[in-house]
Structures are given as structure tokens and as C-alpha cells.
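S.K.: Before I ask anything, here is the structure I am working with.
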Amino acid sequence: MKYIIGNWKCNPETVAEAKKILNGYAKGIKKNAKVKAVVCPPFCYLGLAKEMLKGAAALGGQDCHWEAKGAFTGEVSAPQLAGMGCGYVIIGHSERRQKFGETDEMINKKVKAALAAGLAPIFCCGETREERIDGKITDIAEIQIKEGLKDIDLDTAPVIIAYEPVWAIGTGTACSPEEAQVVHQFIINITNEKIPLLYGGSVDSKNAVSYLQNAGYSGLLVGGASLDPKEFAGIVEAVKII
Ligand code: PEP
């Protein structure tokens, strides 16, 4: 199974825009047995997405708290996401690590909470530009995976890993499939071959296929391009022939 997962981040600004995008998804994504399309909108649009997608794509959250409920103002828990119809949740996105101070320890607790709630965590890892220049390309993914997925049986847990070089996210400068392939091989070596491993970072309908065909990835985490339903549906179409 190939995964094409859309991360809307904190977009769009209005309900009207969200409806327009969801309508485009519902009309444009052609279901097929080889590709699993998943969309992760902001929490506030989950109900709308469930109603409007009509099964064109599965639903995911962009983050979750590690506790199931309680006095955590502003947080959304994994069972709450499951209750809204989510089957997936992005955890440890670089924007959460960098802008909200998420640590490997917090991420590990979130992954465990997601699994306990029956969600498949989409665990993100990847190096910054400075770390890449320093030659720490696979070292960062290794530390983040070891700490973030600590005590999790990767042979049985439905974990998805997304390699997202931070310097390629939202920059229009995608990692080349050759560079991405090196990290793909490394992650497979330290985990296992069964784990769905996705590439993320400036993916569009033109470069999407290369990460699956030339770099060995089994899917893509798509940010900016997922806000354009034609582009997102185009990525789903493009990868289904591989
Ligand atoms: C992301 O936010 O996970 C991402 C990959 O963004 P973009 O596709 O815009 O680089």
C-alpha cells in the first residue's frame, strides 16, 4: 500500500476555503486499492472533512496530547481524534519540534498515546540544513527514531515514519531522490522493511513519483501542495501506476 498524506498545517484561514478544498478532494481523488489518501486538516475542520470527503480520503490529526483527557487547555487527545473519525495522527513534525519545543521524550509519549487510541502515528524525523552541512544527515534521523519510538515494537505497531529534511519543507527545494534514498536505506536498516516509510519536503505532482520509483519510499507527506486539490489528486493519480 502507498500512502499520500496531506498536511494542511494551520490552513486555510476560513471555513469557506476549507469547504472549497474538501469539495475538490471529494470530486478529484479517485479511489483505488493501491493508494491510501489521507488528509490531516486543522482540528476545527475535522468534522467538516469527515462529512464532505465522503470516503475520498481518510482522516488524520496533526498532533495529539499524550493524556487521554484532563486539564490541558488547548490540547486535543488521541481518543478524541479517533472519536472524530481519524485513523492517523502526525507526530513530531519539525514545526512542532522547532516552534513549540517538542522533545523526543514528549514525542515518544504522544506516539504511545496514539497507538493506545488505535491511531497510526505518522512519526516525522529529519535534519536541518545546518545539521546536513555538518554531515549529520542520518545521525539526526537515528537519534529521533531511537528516542521518539523508544519501547515500541516496530514489528507489530502500525507506525508510519516520514523522513522530512527540515531544509526541504515549504522551501520549494526538495531533497533529490538520490539523497533521499540514502536516508531511506539507513532507516530501513535501523527499523525494518515492513514499516511504511514516507518522504516529505516540497513534494508536488511533478517530483512525486521519483521518491517512490527511484528512492524506494512507500509514500509521501505533502504540505503546501495538499492545499490545492488538483495537485493533491494529481499526486495520488501519479503514484498509483507504480
Ligand atoms: C510538511 O509540512 O510536512 C511538508 C512536507 O510541507 P511541504 O510539502 O510544503 O514542504
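S.K.: Could you list which residues have their amide H under 5 Å from that of Leu220, counting only those 5 or more apart in sequence or on another chain, with H placed in the peptide plane?
M.R.: It is Tyr3, Ile4, Ile5, Tyr199, by chain and number.
S.K.: Taking only DSSP H segments of four or more residues, each worth -39500 (n - 2.57), what value at 222 nm results for the chain once the sum is divided by all its residues, to the nearest 500 deg cm²/dmol?
M.R.: -11500 deg cm²/dmol
S.K.: If the reach is capped at under 15 angstrom between alpha carbons, list the aspartates and glutamates near Lys136, excluding any in the same chain fewer than eight residues apart.
M.R.: Hits, sequence-local ones excluded: Glu127, Glu164, Glu179.
S.K.: Using a Gaussian network model on the chain with a 10 Å cutoff between Cα atoms, which of Thr73, Thr191, Thr103 fluctuates the most?
M.R.: Thr73
S.K.: Search the structure for amide H atoms under 5 Å from the amide H of Ile90, placed 1.01 Å from N in the peptide plane, and list their residues when 5 or more places away or on another chain.
M.R.: Residues meeting the criterion, in which the H sits 1.01 Å from N, are Gly61, Gln62, Asp63, Ile122.
S.K.: With the chain treated as a Gaussian network of Cα nodes joined by springs under 10 Å, which of Ala71, Ala82, Ala33 yields the largest mean-square fluctuation?
M.R.: In this elastic network of the chain, the residue with the biggest mean-square fluctuation among Ala71, Ala82, Ala33 is Ala71.
S.K.: Count neighbours as other Cβ atoms within 10 Å of each site's Cβ, and list the chymotrypsin sites (Phe, Trp or Tyr not before Pro) in region 1-104 that are DSSP loop with at most 10 such neighbours.
M.R.: Of the chymotrypsin sites (Phe, Trp or Tyr not before Pro), the ones in loops of region 1-104 whose Cβ has at most 10 other Cβ atoms within 10 Å are Phe100.
S.K.: What are the lysines whose alpha-carbon lies under 17 Å from the alpha-carbon of Lys112, with same-chain residues fewer than 8 places away excluded?
M.R.: The reachable lysines, counting only those whose Cα sits under 17 Å from Lys112, are Lys69, Lys146, Lys150.
S.K.: List every residue whose amide H lies under 5 Å from the amide H of Val39, counting only residues 5 or more places away in sequence or on a different chain, with H placed 1.01 Å from N in the peptide plane.
M.R.: Long-range HN contacts for Val39: Gly6, Ala58, Leu59, Gly60.
S.K.: Something else: Once you order the gyration tensor axes a ≥ b ≥ c over the Cα atoms, which shape class does region 125-242 get: rounded for a/c under 1.5, otherwise prolate or oblate by comparing a/b with b/c?
M.R.: In terms of gyration-tensor shape, oblate.
S.K.: Dipole magnitude of the chain about its Cα centre, charges +1 at Lys/Arg Cβ and -1 at Asp/Glu Cβ only, in debye to the nearest 20?
M.R.: Taking the Cα centre of the chain as origin, the dipole is about 1100 debye.
S.K.: Once you compute Rg and the Kirkwood Rh from C-alpha atoms, what is the Rg to Rh ratio for the chain?
M.R.: Numbers: Rg = 16.6 Å, Rh = 17.7 Å.
Reported Rg/Rh, Kirkwood definition of Rh: 0.94.
S.K.: Something else about it: Excluding residues on the same chain fewer than 8 positions from Lys54, give the lysines whose Cα lies under 24 Å from its Cα.
M.R.: Lys2, Lys9, Lys19, Lys20, Lys27, Lys30, Lys31, Lys34, Lys36, Lys230, Lys240
Throughout, read-outs are computed from the coordinates displayed, never taken from laboratory work. Keep in mind that this is a model prediction, so the values were computed, not measured. Please note: Cβ atoms are built from the backbone with ideal geometry, for glycine as well, and neighbour counts cover all protein chains shown.
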